[in-house]
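Student: Have a look at this one before I ask anything.
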Amino acid sequence: MTNIESLFIYTPSQYEAVDHLLSMGVGAHFAALIFFILTSRFIAPRYRTATALSCIVMVSAGTILYGQSGLWETAFTFNPDTNVYEPGAATFTNGFRYVNWMVTIPCLLIQLLLVLDIRGQQLFSDAGRLILLAWGMIITGYIGQLYETTDLMQLTVWGAISTIFFIGMNWIVGTRIFRTIPLMPPTASGAMKKVFWLMMFAWTLYPLAYAVPYFAQSASGVVIRQALFTVADVSSKAVYGLMITYIALQRSAAEGFEPAMQVTSMLPQKGIVAS
Ligand code: RET
């Protein structure tokens, strides 16, 4: 069982493109981590768990991408005679990503419920259902991708089952967001709509990356796939986390949390005298 990545040889620019995409992913997640740590004190305690979950996602995703970039570098070695990178000591796989999603997706979903201010019993039941759907989606997708070089029929069937879970999960996410938007402070509701569309866009890039073996079984297909993964990762985790933090900040300010009011300029700054 292997991924299409291991089937090809790469020109130096194709090899470097993938290497750089993976390193960029590492950098973006660790940079965002610093931002979330530094800004968490402006968020009211009621919403601060959402920021803490962003930190967990950043460490988890940054670490896995660091591993992927190391794996890429050991999986292919440069042959100076032919001027290409050929399969080397290790076998490249995207499987680690799927395993990582078992942790990161639940964190991303719970963050959303927290900034929607869904609490108590409702939080438990919504989170429970969303996590089970997400795990169903990931496990079936993981099984499917094991067959991508050997049996496209299996890739299709498992991918289709995974998509059913995906649709169920999106349905719950969409209904929760649009039901709650009218109850949110106006400063946060516009951003919440954008979060919904960001999720629809970024999360759909993952099934596209899964489907690359159907339409691009080649070294350039691999570059396309890793580019899709990188755009999906940075937008579904780092940019999403920034928007969640923005919403948490606006909600904190609207509820009278002073540090948030200062950041959002709802309070006059101390020491500045109005003339
Ligand atoms: C799979 C298999 C093919 C069908 C579908 C999939 C969906 C994957 C998604 C992944 C989202 C990942 C995120 C990670 C954050 O850390 C499993 C590729 C629908 C939606 C948001």
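Values in this text are rule-based calculations from the coordinates and carry no lab data. The model shown is predicted, which means the values in this text are computed figures rather than measured ones. All Cβ positions, glycine included, derive from the backbone under ideal geometry; neighbour counts span all protein chains shown.
Student: Going by the conditions given, is P213 more than 10 Å from the ligand (Cβ to nearest atom), surrounded by fewer than 22 Cβ atoms within 10 Å (Cβ to Cβ) and not acidic (D, E)? Even if it seems obvious, please write down each step before you answer.
Tutor: Numbers: more than 10 Å from the ligand (Cβ to nearest atom): yes; surrounded by fewer than 22 Cβ atoms within 10 Å (Cβ to Cβ): yes; not acidic (D, E): yes.
In short, yes.
Student: Here is a follow-up. Read through the list (1) closer than 30 Å to L146 by Cβ; (2) in contact with a Lys or Arg (Cβ under 9 Å, 6 or more places away or on another chain), then give the number of the only condition that T187 fails.
Tutor: T187 satisfies all of (1) closer than 30 Å to L146 by Cβ; (2) in contact with a Lys or Arg (Cβ under 9 Å, 6 or more places away or on another chain) except (1).
Student: Consider the range 135-158. How many of its residues are near the ligand (Cβ under 8 Å from one of its atoms), under 19 Å from the mean Cα position of the chain (by Cα) and not β-branched (V, I, T)?
Tutor: To start, the set of residues in the range 135-158 that are near the ligand (Cβ under 8 Å from one of its atoms) comprises 137-138, 140-142, 144-145, 158.
Those still in the list that are under 19 Å from the mean Cα position of the chain (by Cα) too: 137-138, 140-142, 145.
Those still in the list that are not β-branched (V, I, T) too: 137, 141-142, 145.
Qualifying residue count, the range 135-158: 4.
Student: Quick check on this structure: which one of P106, P45, P80 is loosely packed, with under 15 Cβ neighbours inside 10 Å and either under 24 Å from M192 (Cβ atoms) or in contact (Cβ under 8 Å) with a residue 24 or more places away in the chain (or both)?
Tutor: Numbers: P106 fails: loosely packed, with under 15 Cβ neighbours inside 10 Å; P80 fails: either under 24 Å from M192 (Cβ atoms) or in contact (Cβ under 8 Å) with a residue 24 or more places away in the chain (or both).
Unique residue meeting the criteria: P45.
Student: Out of V222, V173, V195, V231, which single residue is farther than 26 Å from L242 by Cα and either surrounded by 16 or more Cβ atoms within 10 Å (Cβ to Cβ) or away from the ligand (no atom under 11 Å from the Cβ) (or both)?
Tutor: Working: V173 fails: farther than 26 Å from L242 by Cα; V195 fails: farther than 26 Å from L242 by Cα; V231 fails: farther than 26 Å from L242 by Cα.
V222 is the lone residue from the list that is farther than 26 Å from L242 by Cα and either surrounded by 16 or more Cβ atoms within 10 Å (Cβ to Cβ) or away from the ligand (no atom under 11 Å from the Cβ) (or both).
Student: If you take the residues in the range 100-134 that are β-branched (V, I, T) and near the ligand (Cβ under 10 Å from one of its atoms), which one is farthest from R176 (Cα to Cα)?
Tutor: Within the range 100-134, the first condition is being β-branched (V, I, T), and the residues that meet it are 103-105, 110, 115, 118, 131.
From the residues that got through so far, the ones that are near the ligand (Cβ under 10 Å from one of its atoms) too are 103-105.
Values: V103: 21, T104: 20, I105: 17 Å.
So, considering only residues that are β-branched (V, I, T) and near the ligand (Cβ under 10 Å from one of its atoms), the one farthest from R176 (Cα to Cα) is V103.
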